[in-house]
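Data first, discussion second: the structure below is written as structure tokens.
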Amino acid sequence: MPVQNHDYQISSGIRPLQNRYGAIRAYLKVFTLSLKESLYYPDKLFASVFIVAFRIIMMLLIYSYAFRYIGRTVNGIDATTAIWSIAIYHLLLYAQFRAVFKTINDEMKSGALETQINKPYSYLFYKFWEQLGKGILNFFVALAVVIPLLLALLGSAPGVFSLSNLFAGIVLAVGGTIVSAALYMLIALPALWIDDAQPLYWISDKAVLILGGSYVPLAMLPHAFHTFANFTPFGAPMFATQMFNPNFSTSWWYLVLLQMFWIIVLGGLILFFFEKVRRRLAINGG
Amino acid sequence: MKFNKKQFYIWCRTVVTEVRIGLIYIQKNISSAAELRVSFAMQIIGMMMNNIAFVMVWWLFFKAFGTINGWNIAEAIALQGFVALSFGIVFSFFSGVDEFPKVIHSGALDSVLLTPRVLYARIFTLTTRVSALGDIFFGATLLGIYWILFHHTLSQMIMLGLLVIPASVIMMNFLLVVSCIGFYIPDAVEISKFMFETMFGPSLYPAGLFQGFMRFFFIFVLPTLAIGGIPVEAVRDWNIIKIVAVWLIAVVWAVIGVWMLHRGVKRYESGSLTGVHI
């Protein structure tokens, strides 16, 4: 195979190898390597699955008790629906991209970015596939543990559950994962200006926590929170948690459109700010 | 046992010296972190804003469910403030224990063992976490709001403030105990972290939701309620038994912490890691 004349200029966010198939193969390799790496640390896998199972059991006990205590539903949501919704939130956290923030933030702070940004691949795509490989195994193992656990403890899925809702939920989960990747990458980029973007992460992460329904499902929150969840990027990563809501079968396509909107907006912002990062970065060598 | 005046004097002098040196370490750690001023200020403010989310979560919860077993938004505010204050104190000034499993695993404990200080005290003051100062400010502010809005007496607030001491002691020693797993299992950073999270996470949940076996488990097996829910209930109801119980639990965990540390150190094998540790 002849040696290709790769474009070795410092890569902007979305300027991968000239050979597209080669780029896809390279990213898939990164994904596979990260996946294999996560297999080498079974104790970490066990710990993370234990934590998610523990949290969900805690929520199950709390919500079962609270609903029994008040003896009624809240905004049409019963204990089973609330618990399933919260469980989906905690499961999705594993597939999503919170950890990519730390990687990029740390590389910006330590200066390790300079050794990666001049490689013939897109830095951001590399981080995307690397993180996906790290998280996907945890997600599926947690899924395999939590779903049977919930079915055993609660007896069934919520009443509104159907296969079409499940399909829509999967579409929203995939869309939400891409939104979360864009969101957490975007908030890591200011680290070049403010030394450490950790505070931005805390604020964004907690906005996702509230609007995603980690402790209190979105359907149980006042209407203002629904508006805020839809019209800011913080609700979109966790739209899939709404798959057990009574009106989900009529509203899911609207949520998909909102996710697409946020992917385009956040993607554009990433390109803009990454270009600024590239210009500002001082490579000292050494 | 005969009271030995000289030994007691030496013991007192050692305690005073350790406290003085501990304060110097803490001051050094904070000064070092404050070098990057923008980052330092943003971390503190960011952490305060981060914590507001938890108050909001429980406000929304109680808005949906109303009062549960005497717990409402007032108690939730006190709980968040109390836990944030205790957590802030532990992780601002004594966060070395959080790094302890990493220190054991990397072999860096050698340099700590060689310092002419009491090991127990030195481990706690190894590092400082700047963002935890935000927890202190946030906790104090929230407890002030709790006092003003819900008309508690000054003596109740002083008692709540005093209970921060045993709550912090419990948290520090629990963290030390789970960190000591590093002496038995290689690279126990993740395991000790998840054990601490298992204990600490539910401490932010209103204690009124823990009844029966769960209440017993989260007081006597994991000290979760002792670092938040029980102190808040004790001060709200002026329940002396609960106040004494929190102090006793702190003493028990301190004893377990010291015992685990001394057992663990006997198993430690030097990594022969050379370097300077200031």
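The values are calculated or read from the model by the stated rules, or taken from the named source; none is laboratory data. Remember, predicted model here, so these are calculated numbers, not experimental data. Please note: Cβ atoms are built from the backbone with ideal geometry, for glycine as well, and neighbour counts cover all protein chains shown. Side chains included, ligands, DNA and RNA excluded: accessible areas come from the protein's heavy atoms. Shrake-Rupley method; radii C 1.70, N 1.55, O 1.52, S 1.80 Å.
Residue check, B:Met48 against (1) under 30 Å from B:Ala121 (Cβ atoms); (2) surrounded by fewer than 12 Cβ atoms within 10 Å (Cβ to Cβ); (3) within 11 Å of chain A (Cβ to nearest Cβ), all met but one. Which one?
(2)
State whether the residues of the range B:11-18 include one that is over 19 Å from the mean Cα position of the chain (by Cα), within 14 Å of chain A (Cβ to nearest Cβ) and either open to solvent by 50 Å² or more (accessible area, probe 1.4 Å) or farther than 30 Å from A:Val208 by Cα (or both).
No; the residues of the range B:11-18 include none that is over 19 Å from the mean Cα position of the chain (by Cα), within 14 Å of chain A (Cβ to nearest Cβ) and either open to solvent by 50 Å² or more (accessible area, probe 1.4 Å) or farther than 30 Å from A:Val208 by Cα (or both).
Could you please tell me which pairs satisfy a Cβ distance under 7 Å, a separation of 6+ or placement on different chains, a first residue in the range A:96-112 that is in contact (Cβ under 8 Å) with a residue 60 or more places away in the chain, and a second residue that is part of a loop (DSSP other than H, G, I, E, B)?
A:Asn105/A:Asp196; A:Asn105/A:Ala197; A:Lys109/A:Asp195; A:Lys109/A:Asp196
Going through A:Leu186, A:Leu132, A:Leu172, A:Leu150 one at a time, which residue ends up being open to solvent by less than 10 Å² (accessible area, probe 1.4 Å), touching a residue at least 12 places away in the same chain (Cβ under 8 Å) and under 19 Å from the mean Cα position of the chain (by Cα)?
Numbers: A:Leu186 fails: open to solvent by less than 10 Å² (accessible area, probe 1.4 Å); A:Leu132 fails: open to solvent by less than 10 Å² (accessible area, probe 1.4 Å); A:Leu150 fails: under 19 Å from the mean Cα position of the chain (by Cα).
Matching residue, one of A:Leu186, A:Leu132, A:Leu172, A:Leu150: A:Leu172.
Output the number of residues of the range B:197-206 satisfying the condition of being open to solvent by 20 Å² or more (accessible area, probe 1.4 Å) and not acidic (Asp, Glu).
3
Select from the range B:14-38 the residues that are touching a helix residue (DSSP H, G or I) at 6+ places or on another chain (Cβ under 7 Å) and in contact (Cβ under 8 Å) with a residue 12 or more places away in the chain and write down the one among them that is farthest from A:Trp202 (Cα to Cα). Walk me through how you get there before you give the answer.
Filtering the range B:14-38 down to residues touching a helix residue (DSSP H, G or I) at 6+ places or on another chain (Cβ under 7 Å) leaves B:18, B:22, B:26, B:33-34, B:38.
Retained after the next criterion (residues that are in contact (Cβ under 8 Å) with a residue 12 or more places away in the chain): B:18, B:22, B:26, B:33-34.
Working: B:Glu18: 35, B:Gly22: 30, B:Ile26: 25, B:Ala33: 19, B:Ala34: 20 Å.
So the residue we want is B:Glu18.
Which numbered condition trips up B:Lys193, out of (1) buried (at least 20 other Cβ atoms within 10 Å of the Cβ); (2) within 11 Å of chain A (Cβ to nearest Cβ); (3) within 19 Å of the chain's Cα centre (by Cα)?
(1)
Contact list please: Cβ distance under 9 Å, first residue in the range A:35-54 and at the interface with another protein chain (Cβ under 8 Å from one of its Cβ atoms) and in contact (Cβ under 8 Å) with a residue 24 or more places away in the chain, second residue assigned to a helix (DSSP H, G or I) and among the hydrophobic types (A, V, I, L, M, F, W, C), pairs at least six apart or on different chains.
Once the first residue is at the interface with another protein chain (Cβ under 8 Å from one of its Cβ atoms) and in contact (Cβ under 8 Å) with a residue 24 or more places away in the chain and sits in the range A:35-54, its partners that are assigned to a helix (DSSP H, G or I) and among the hydrophobic types (A, V, I, L, M, F, W, C) give A:Ser48/A:Val141; A:Ser48/A:Ala142; A:Ser48/B:Phe194.
Being out of contact with any Pro (no Cβ under 8 Å at 6 or more places or on another chain) and farther than 30 Å from B:Arg215 by Cα, is that true of even one residue in the range A:85-96?
Within the range A:85-96, one or more residues are out of contact with any Pro (no Cβ under 8 Å at 6 or more places or on another chain) and farther than 30 Å from B:Arg215 by Cα.
Just the residues that are touching a helix residue (DSSP H, G or I) at 6+ places or on another chain (Cβ under 8 Å) and either of a type in the set (Lys, Arg) or surrounded by fewer than 23 Cβ atoms within 10 Å (Cβ to Cβ) (or both), please, taken from the range B:221-239. Walk me through how you get there before you give the answer.
Filtering the range B:221-239 for residues touching a helix residue (DSSP H, G or I) at 6+ places or on another chain (Cβ under 8 Å) gives B:222-236, B:238-239.
Answer for the range B:221-239, where residues must be touching a helix residue (DSSP H, G or I) at 6+ places or on another chain (Cβ under 8 Å) and either of a type in the set (Lys, Arg) or surrounded by fewer than 23 Cβ atoms within 10 Å (Cβ to Cβ) (or both): B:Leu222, B:Glu233, B:Ala234, B:Arg236, B:Trp238, B:Asn239.
Condition first: among the hydroxyl-bearing types (Ser, Thr, Tyr) and within 14 Å of chain B (Cβ to nearest Cβ). Can you find one or more residues in the range A:181-190 that meet it?
Checked the range A:181-190: no residue is among the hydroxyl-bearing types (Ser, Thr, Tyr) and within 14 Å of chain B (Cβ to nearest Cβ).
Would you confirm whether or not the range A:213-221 contains a residue that is out of contact with any Ser or Thr (no Cβ under 6 Å at 6 or more places or on another chain), at the interface with another protein chain (Cβ under 10 Å from one of its Cβ atoms) and open to solvent by 30 Å² or more (accessible area, probe 1.4 Å)?
Looking for residues that are out of contact with any Ser or Thr (no Cβ under 6 Å at 6 or more places or on another chain), at the interface with another protein chain (Cβ under 10 Å from one of its Cβ atoms) and open to solvent by 30 Å² or more (accessible area, probe 1.4 Å), one finds at least one in the range A:213-221, hence yes.
Could you list, in sequence order, all residues of the range A:222-246 that are open to solvent by 20 Å² or more (accessible area, probe 1.4 Å), without any contact (Cβ under 8 Å) to a residue 24 or more places away in the chain and either more than 10 Å from chain B (Cβ to nearest Cβ) or in contact with a Gly (Cβ under 9 Å, 6 or more places away or on another chain) (or both)?
Across the range A:222-246, the qualifying residues are A:His223, A:Ala224, A:Phe225, A:His226, A:Thr227, A:Phe228, A:Phe231.
Quick one: what pairs do we get from the range B:204-221, first residue more than 19 Å from B:Met171 (Cα to Cα), second of a type in the set (Ser, Thr, Tyr) and part of a helix (DSSP H, G or I), C-beta under 8 Å, 6+ apart or different chains?
Note: pairs meeting the criteria are B:Leu209/A:Tyr65; B:Gln211/A:Tyr65.
Residues in the range B:30-39: is at least one more than 10 Å from every other protein chain (Cβ to nearest Cβ), surrounded by fewer than 21 Cβ atoms within 10 Å (Cβ to Cβ), assigned to a helix (DSSP H, G or I) and of a type in the set (S, T, N, Q)?
yes
Only residues that are closer than 22 Å to B:Gly201 by Cβ, under 20 Å from the mean Cα position of the chain (by Cα) and in a helix (DSSP H, G or I): list them for the range A:209-232, please.
Of everything in the range A:209-232, those that are closer than 22 Å to B:Gly201 by Cβ, under 20 Å from the mean Cα position of the chain (by Cα) and in a helix (DSSP H, G or I) turn out to be A:Leu209, A:Ile210, A:Leu211, A:Gly212, A:Leu218.
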